[in-house]
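The structure appears below as structure tokens.
FYI, it's all coordinate maths here, none of it is from the lab. Nothing here was measured: the structure is a model prediction, and the numbers come from that model.
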Amino acid sequence: MQTVNRDRLSANSRITLTAFVEGAYLPWTKEERRASTSKGHHEIWINHIRDHVGELHLREFRTVDASRMLRAIAKENDLTKTTLQHIKSVLSTIFTYAKNEEPSMEPTLSMEF
């Protein structure tokens, strides 16, 4: 069993959400997505999400954290429903990408917003 678990835990399993997004996800969007999509995701990350996640580890982020964060963002800012949906979509895309790129995260990141 130890062998199986060793293969599932990589060096990235203790990475912070901020480090993952800025070191892997945003560079990926820049290379793999349209420029407008990449720019939009970068702006949403900088303007709305980054300050709310702090040093939270990627594996520790739960659906309840996302819900609380979205409520806090809505309360702090006068945003349209569409903007809040875009923020939610970016979060979902970040975790989908993490799940696909870091298989050891899959059970943790199998959440829906």
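Straight-line reach from residue 75: taking Cα to Cα under 18 Å and skipping same-chain neighbours fewer than 8 places apart, the lysines in range are 88. Kirkwood hydrodynamic radius of segment 15-109, from the reciprocal of the average inverse Cα-Cα distance over all distinct pairs: 13.5 Å. Taking amide H as placed 1.01 Å from N in the peptide plane, residue 57 has its amide H under 5 Å from the amide H of 17, each at least 5 places away in sequence or on another chain. Considering Cα pairs under 8 angstrom that are at least six residues apart, work out the relative contact order of segment 9-105 and quote it in whole percent. Relative contact order for segment 9-105 comes out at 42 percent.
Multiplying the sequence separation of residue 65 and residue 80 by 0.36 nm and subtracting their Cα-Cα distance, what value in nm do you get?
Gain in length upon complete extension: 3.3 nm.
Note on residue 81: lysines with a C-alpha under 21 Å away, same-chain residues under 8 apart excluded, are 39.
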